[in-house]
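Just below is one structure, and these are the notes that go with it.
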Amino acid sequence: MTRTVIRGGLVVTAAEETEADVLVEGEKVVALAATGSSAAEAWTADTVIDATGHYVIPGGVDVHTHMQMPFGGTTAADTFETGTRAAAWGGTTTIVDFAIQSVGSSLREGLDAWHAKAEGVCAVDYGFHMILSDVTESSLKEMDALVGEGVTSFKMFMAYPGVFYSDDGRILRAMQRGAANGGLIMMHAENGIAIDVLVEQALAAGRTDPRYHGEVRRELLEAEATHRAVKLAQVAGAPLYVVHVSAASAVAELAAARRQGLPVFGETCPQYLFLSTDNLAEPDFEGAKYVCSTPLRPREHQAELWKGLRTGDLQVVSTDHCPFCFSGQKEMGRGDFSRIPNGLPGVENRMDLLHQAVVDGHLTRRRWIDIACATPARMFGLYPRKGTIAPGADADLVVYDPAAVQTLSAATHHMNVDYSAYEGRQVTGRSRTVLSRGTVVLDDGRWLGRAGHGRYQPRATCQYLG
Ligand code: URP
Ligand code: ZN
Ligand code: ZN
């Protein structure tokens, strides 16, 4: 079996920071030992990677992506091949994407279709959540089977009436089923019925620019839906994970529920931490680049999101990577913001933006790894195979240069999309060497990976009790 040793780096996990060498055999980490110790010096290896002056961190775990998702009359621009390659460039070695149940179809049909898209083309490992858009007796039964085969989380929508929307009764039924079978309900918490009224009124009044997308998707309607989702979960006796939290008042709803001891969890995304309604208001339809749901909020919300990440009221930062090109895709909504496909690119940028948050003093190094690697892995049943560096874990490892300065740009990124939501932003930190299950896929700006290296990861049920 091939042996690789990574020498001289600062190993950072969610739990500790140690100057240690890491020994990899085949696809697994087999040992850590203090750098310079007789144990580490005695290791022989086929490949030695020098990590002096670098961090050695677990590969990122991004539990919210939408590769080649059909949505808003078009399809997200990254395929599983291009999207997972871009993820690896950015230090993310596992994604959990969303398979979709269409209305009138079974969960199985949706899952099979997503397996067919991803099989044999991914550059790094991947798993699936299931979007539950048609709650019936038979789809509820199917949930049990999916949990048994490693699809242990189900996204539901209080938004998008006529597409993915479920009413409260359907949500309650799915939550009850999840409480019984261990499946975790992930909620898109926005009151879509009320939002659609405001959309119609805005368009009728001639308010068609991208910034109105942010205005009609009112903060109150995120907070209200978050509150309702928490109460429905409480009635069902189920845990709840709220996706892409953007509003301060939604964080407050989660915090209040957690103070009551309820098992409710929340994720936010880099776009809500680094971008704002100022971007949505950019002239010449440029604001369309920033149309996503939940929407970007006024800048003041960012402090509450950072606080939530520090206090633990928010547990995870994922990307909600759902890229649509400006040209030909976002442009579908010129003259009608409701036709702009919703979603932002970001799978390549998450680890670096969050490292910048460490540099800026928002997060500690360990909290960076916690919210980007360890907790998402725990939350979605991948731990300790993913999300940490320990004997027995998959050798998904990143040698991270904390001093490298880079400028984020569409001209240099690897996502299959014609703009960057962070164009021109300078960040400190970059993945130098990336290993996926022991194989070096990226080294010093050279791509060494291959489509098909990535393997499907069945998941256990939620392992997060925090
Ligand atoms: O705007 C977004 N978030 N697009 C992807 C679909 C979703 O709701 O997560
Ligand atoms: Zn959503
Ligand atoms: Zn999403």
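Some values worked out for this structure:
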quantity: From the options 361, 392, residue that is of a type in the set (Gly, Ala, Ser), farther than 22 Å from residue 272 by Cβ, out of contact with any Phe, Trp or Tyr (no Cβ under 9 Å at 6 or more places or on another chain) and open to solvent by 10 Å² or more (accessible area, probe 1.4 Å); calculated: 392
quantity: Pair list, Cβ under 6 Å, 6 or more apart: segment 449-466 residue in a loop (DSSP other than H, G, I, E, B), other residue open to solvent by less than 50 Å² (accessible area, probe 1.4 Å) and among the β-branched types (Val, Ile, Thr); calculated: 449/441; 451/121; 454/84; 454/124; 459/152; 461/152
quantity: Those residues of segment 132-142 which are buried (at least 24 other Cβ atoms within 10 Å of the Cβ) and either free of Cβ contacts under 8 Å to residues at least 24 places away in the same chain or not in a loop (DSSP other than H, G, I, E, B) (or both), in sequence order; calculated: 139
quantity: Selected residue [free of Cβ contacts under 8 Å to residues at least 40 places away in the same chain and open to solvent by less than 30 Å² (accessible area, probe 1.4 Å)] from 156, 187; calculated: 156
quantity: In segment 425-441, the residues that are open to solvent by less than 10 Å² (accessible area, probe 1.4 Å) and over 17 Å from residue 61 (Cβ atoms); calculated: 427, 429, 433
quantity: Any hit, segment 429-440, residues being charged (D, E, K, R) and free of Cβ contacts under 8 Å to residues at least 60 places away in the same chain; calculated: no
quantity: Residue match in segment 368-375 (condition: open to solvent by 10 Å² or more (accessible area, probe 1.4 Å), closer than 21 Å to residue 355 by Cβ and charged (D, E, K, R)); calculated: yes
quantity: Count of segment 332-347 residues which are touching a strand residue (DSSP E or B) at 6+ places or on another chain (Cβ under 8 Å) and either assigned to a helix (DSSP H, G or I) or of a type in the set (D, E, K, R) (or both); calculated: 1
quantity: Enumeration of residues in segment 339-358 that are open to solvent by less than 60 Å² (accessible area, probe 1.4 Å) and under 26 Å from residue 192 (Cβ atoms); calculated: 340, 341, 342, 343, 344, 345, 346, 347
quantity: Leading residue by the ranking (most open to solvent (accessible area, probe 1.4 Å)) among those in segment 112-126 that are in contact with a Phe, Trp or Tyr (Cβ under 7 Å, 6 or more places away or on another chain) and under 15 Å from residue 66 (Cβ atoms); calculated: 117
quantity: Cβ pairs under 9 Å, 6+ apart, first in segment 76-98 and closer than 23 Å to residue 54 by Cβ, second at pLDDT below 95 and open to solvent by 10 Å² or more (accessible area, probe 1.4 Å); calculated: none
quantity: Candidate set from segment 418-434 (those that are in contact with an Asp or Glu (Cβ under 7 Å, 6 or more places away or on another chain) and not basic (Lys, Arg)); member that is farthest from residue 365 (Cα to Cα); calculated: 433
quantity: Helices (runs of 4 or more DSSP H) contained entirely in segment 229-284, each with at least 3 residues that are more than 16 Å from ligand 1 (Cβ to nearest atom); calculated: 248-259
quantity: So residue 319, is it more than 16 Å from ligand 1 (Cβ to nearest atom), in the same structural domain as residue 348 (by TED's automatic domain parsing), under 24 Å from residue 379 (Cβ atoms) and hydroxyl-bearing (Ser, Thr, Tyr); calculated: no
quantity: Only listed residue being in contact (Cβ under 8 Å) with a residue 40 or more places away in the chain, surrounded by fewer than 23 Cβ atoms within 10 Å (Cβ to Cβ) and either more than 15 Å from ligand 2 (Cβ to nearest atom) or assigned by TED's automatic domain parsing to the domain that holds residue 271 (or both), chosen from 172, 240, 220; calculated: 172
quantity: Residues within segment 37-54 that are surrounded by 12 or more Cβ atoms within 10 Å (Cβ to Cβ), of a type in the set (A, V, I, L, M, F, W, C) and part of a loop (DSSP other than H, G, I, E, B), tallied; calculated: 3
quantity: Residues of segment 55-100 classified as buried (at least 24 other Cβ atoms within 10 Å of the Cβ), in contact with a helix residue (DSSP H, G or I) (Cβ under 8 Å, 6 or more places away or on another chain) and in a loop (DSSP other than H, G, I, E, B), total; calculated: 5
quantity: Residues within segment 255-296 that are open to solvent by less than 10 Å² (accessible area, probe 1.4 Å) and more than 16 Å from ligand 2 (Cβ to nearest atom), tallied; calculated: 8
quantity: Selected residue (only one of 52, 65, 44, 136 is away from ligand 2 (no atom under 16 Å from the Cβ) and either within 30 Å of residue 230 (Cα to Cα) or not assigned by TED's automatic domain parsing to the domain that holds residue 30 (or both)); calculated: 136
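The values are calculated or read from the model by the stated rules, or taken from the named source; none is laboratory data. Treat the numbers as computed from the prediction; the structure is a model and nothing was measured. Note: ideal-geometry Cβ built from the backbone for every residue, glycine included; neighbour counts use all protein chains shown. Surface areas here come from the heavy atoms of the whole protein model, side chains and all, with no ligands, DNA or RNA. Shrake-Rupley method; radii C 1.70, N 1.55, O 1.52, S 1.80 Å.
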